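Notes to accompany the following structure.
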Amino acid sequence: MSKIVSVIQQKGGVGKTTLTVHLAHELKRMKKKLKVVIADADPQQSSYKWIERGRKNDIDGVGIKAVGADGEGKKLKKELNAIDADIILIDLPPAIESLSLRAALYADVMLVPIGASALDIEAARGAIDVCEEAMELDDTKSMLLIPSKVRAGTTAGKELRSLLKKWGTVSKATIGLRVHYSDAATAGEGVGTYAKNSQAHKEMKSLAKEVLGLLKI
Ligand SMILES: Nc1ncnc2c1ncn2[C@@H]1O[C@H](COP(=O)(O)OP(=O)(O)OP(=O)(O)O)[C@@H](O)[C@H]1O
Ligand SMILES: [Mg+2]
């Protein structure tokens with residue numbers, strides 16, 4: 001059975017898709033034998049288009065499948081079961097509605113990217129509540145809070161980490177606001193190939209290691 005990683009946040013533009021696609025590429029780079037597939041549940045299809053842009057190079061071999069077209073995810077379980085993968089990462093739309101609730105229910109690991117502004121922090125609570133409910137139902141699940149789009153060396157970034165620690169486990173890596181992340185999207189790549197050994201790549205490597213640990217892979 002596939003291990004499921006759901007990227008959940010009701011706030012738009014916080015970096016869900018960026019995190020999902022780079023992490024998928026890095027997981028594949030680290031574990032070449034594993035089949036890594038992104039299940040794109042967002043009608044914007046951002047991760048779908050990203051992977052398709054990179055298809056001509058097909059560097060890492062990350063798979064992509066659109067799911068949850070009904071907007072509610074009534075068939076999500078079936079759709080996930082039909083994907084031949086060792087790890088499925090679900091990229092969700094910016095909402096905490098039935099699709100995200102189901103994605104939390106079926107996840108082994110839930111990732112919540114959170115930006116450093118007050119608005120971002122306030123908006124994160126809804127996603128964390130959903131993850132906590134899912135963990136109450138199944139204590140084998142885990143949640144990782146991920147500081148996202150953090151400007152290097154800012155007080156806001158440091159404060160974000162200490163605040164999030166009160167709410168749950170915070171990833172060792174802070175995902176910086178870095179042009180390599182967004183430029184790699186234009187190229188349809190992950191940072192591991194687009195900007196190997198860059199700071200962005202180091203962050204993603206650290207996060208991928210942590211996620212593999214949580215998935216017990
Ligand atoms: N760590 C980062 N560094 C620099 N730019 C980033 C980073 N993360 C995301 N971005 C940029 O921020 C914008 C929004 O990112 P992204 O699409 O990943 O967010 P999202 O949460 O998936 O948005 P949506 O809610 O619309 O699905 C994009 O232009 C993306 O390139
Ligand atoms: Mg997105």
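Summary of values
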{"quantity": "Tally, over the stretch 150-205, of residues that are acidic (Asp, Glu), under 19 Å from residue 62 (Cα atoms) and surrounded by fewer than 19 Cβ atoms within 10 Å (Cβ to Cβ)", "calculated": "1"}
{"quantity": "Single residue of 33, 65, 3 found to be charged (D, E, K, R) and either crowded, with 24+ Cβ neighbours inside 10 Å or under 26 Å from residue 174 (Cα atoms) (or both)", "calculated": "3"}
{"quantity": "Top-ranked residue of the stretch 5-17 - restricted to ones that are more than 13 Å from residue 44 (Cβ to Cβ) and either of a type outside the set (S, T, N, Q) or outside any loop (DSSP other than H, G, I, E, B) (or both), ranked as farthest from ligand 2 (Cβ to nearest atom)", "calculated": "5"}
{"quantity": "Residue count for the stretch 173-217, restricted to those that are within 16 Å of ligand 1 (Cβ to nearest atom) and of a type in the set (Lys, Arg)", "calculated": "3"}
{"quantity": "Residue within the stretch 61-80 that is within 16 Å of ligand 2 (Cβ to nearest atom), acidic (Asp, Glu) and assigned to a loop (DSSP other than H, G, I, E, B) present", "calculated": "no"}
{"quantity": "Test set (1) crowded, with 20+ Cβ neighbours inside 10 Å; (2) of a type in the set (S, T, N, Q); (3) assigned to a loop (DSSP other than H, G, I, E, B) - residue 47 fails condition number", "calculated": "(3)"}
{"quantity": "Condition met for residue 99 (open to solvent by less than 20 Å² (accessible area, probe 1.4 Å), part of a helix (DSSP H, G or I) and either free of Cβ contacts under 8 Å to residues at least 40 places away in the same chain or within 16 Å of ligand 2 (Cβ to nearest atom) (or both))", "calculated": "yes"}
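Residue-by-condition table, conditions (1) on the phi > 0 side of the Ramachandran plot; (2) free of Cβ contacts under 8 Å to residues at least 60 places away in the same chain:
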site	(1), (2)
40	no, yes
48	no, yes
53	no, no
62	no, no
67	no, yes
73	yes, yes
80	no, no
86	no, no
91	no, no
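The values are calculated or read from the model by the stated rules, or taken from the named source; none is laboratory data. Nothing here was measured: the structure is a model prediction, and the numbers come from that model. Quick reminder, even Gly has a Cβ in these numbers, built from the backbone with ideal geometry, and neighbours come from all protein chains shown. Note: areas computed on protein heavy atoms with side chains; ligands, DNA, RNA excluded. Shrake-Rupley method; radii C 1.70, N 1.55, O 1.52, S 1.80 Å.
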